[in-house]
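The values are calculated or read from the model by the stated rules, or taken from the named source; none is laboratory data. Because the structure is predicted, anything quoted here is derived from the model rather than measured. FYI the Cβ positions are ideal-geometry reconstructions off the backbone, even for glycines, and counts take in every protein chain you see. Only protein heavy atoms, including side chains, enter the accessible area calculation; ligands, DNA and RNA are left aside. Shrake-Rupley method; radii C 1.70, N 1.55, O 1.52, S 1.80 Å.
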Amino acid sequence: MQNENTSTQNEGGGMRINKGLICAIACLLFSILYLVAARTYPNLATDYMIVSAAFFPTVVAIVMIVCSVVMLIKAIVKPEVRAPLSKKEKTAYTRGLLAILDCIVYALLFEPLGYIVSSTLALFVLMIIFGNRKWWLMALVSVALSVLLYLLFYYVMQTNLPAGVLGYVAELF
């Protein structure tokens with residue numbers, strides 16, 4: 001007879017999920033990738049600089065790995081299992097993952113498309129992901145907010161943001 005906390009199936013026959021184990025494995029994989037990326041920084045140590053540019057990211061990556069291993073051990077020794085996700089939870093997780101994907105695509109398109117175009121697209125897609133359906137309002141808000149923030153960065157903070165395709169269009173006129 002199994003204990004209720006260590007059971008892998010619920011009464012309905014569905015598999016129960018060890019959320020701590022899933023999170024620990026995901027964090028460990030991310031930490032290892034972060035460490036690999038941190039080790040690609042050039043070694044610029046000189047007489048006046050004892051540590052290189054890779055020092056701080058490497059320390060952060062090692063701390064992340066240690067925390068991930070502790071989470072993994074805790075998830076194995078004392079698992080926290082839960083019932084399968086409800087439809088509402090699945091929708092929320094899907095929206096969250098789509099929002100993360102939108103941010104990644106935004107970062108990739110930031111330089112080639114420029115700040116205003118990429119920000120407008122990213123905001124518009126985020127509004128679609130989170131259920132807005134008033135297309136005219138979504139377009140208005142995403143364009144207005146992108147332009148307003150561009151002007152704030154350019155005039156108030158005196159920071160140049162990439163113009164991207166709008167730079168090419170401006171050169172034509």
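Before moving on, here are some points about what is shown:
- Apart from one condition, TYR154 fits all of (1) more than 14 Å from GLY114 (Cβ to Cβ); (2) open to solvent by 70 Å² or more (accessible area, probe 1.4 Å); (3) not hydrophobic (A, V, I, L, M, F, W, C); the exception is (1).
- Filter result for LEU72 (under 18 Å from LYS19 (Cα atoms), in a loop (DSSP other than H, G, I, E, B) and open to solvent by less than 60 Å² (accessible area, probe 1.4 Å)): no
- Single condition LEU85 does not satisfy, out of (1) in contact with a strand residue (DSSP E or B) (Cβ under 8 Å, 6 or more places away or on another chain); (2) part of a helix (DSSP H, G or I): (2)
- Among residues of segment 145-173 that are within 22 Å of PHE124 (Cα to Cα), those with a Cβ under 9 angstrom from a residue that is modelled with pLDDT of 85 or more and not in a helix (DSSP H, G or I), sequence gap 6+ or separate chain, pair up as LEU161/GLY114; PRO162/GLY114; ALA163/GLY114; GLY164/GLY114; VAL165/GLY114; LEU166/GLY114; GLY167/GLY114.
- Here segment 105-130 is the region considered, the condition is being of a type outside the set (A, V, I, L, M, F, W, C) and in a helix (DSSP H, G or I), and the residue that is nearest to the chain's Cα centre (by Cα) is TYR106.
- Taken over segment 75-93, the criterion of being surrounded by 15 or more Cβ atoms within 10 Å (Cβ to Cβ) and of a type in the set (Gly, Ala, Ser) is satisfied by ALA75 alone.
- Scanning segment 131-145 for residues that are out of contact with any Phe, Trp or Tyr (no Cβ under 7 Å at 6 or more places or on another chain) and either outside any loop (DSSP other than H, G, I, E, B) or exposed (fewer than 11 other Cβ atoms within 10 Å of the Cβ) (or both) turns up GLY131, ARG133, LYS134, TRP135, TRP136, LEU137, LEU140, VAL141, VAL143, ALA144, LEU145.
- Against the test of being closer than 26 Å to LEU21 by Cα and without any contact (Cβ under 8 Å) to a residue 60 or more places away in the chain, the options ALA107, ALA37 yield a single qualifying residue, ALA37.
- Listed conditions (1) in a helix (DSSP H, G or I); (2) more than 30 Å from LYS19 (Cβ to Cβ) are all met by ASP102, apart from (2).
- Selected residue (only one of GLY114, GLY96 is surrounded by 11 or more Cβ atoms within 10 Å (Cβ to Cβ) and at positive phi): GLY114
- Qualifying residue in segment 28-37 (condition: at pLDDT 80 or above, more than 19 Å from the chain's Cα centre (by Cα) and of a type in the set (Ser, Thr, Tyr)): no
- The residues listed here are ALA83, ALA61; of these, the one that is modelled with pLDDT under 90, more than 30 Å from ASN160 (Cβ to Cβ) and of a type outside the set (S, T, N, Q) is ALA83.
- Subset of segment 149-165 (residues that are part of a helix (DSSP H, G or I), among the hydrophobic types (A, V, I, L, M, F, W, C) and over 24 Å from the mean Cα position of the chain (by Cα)): LEU151, LEU152, VAL156, VAL165
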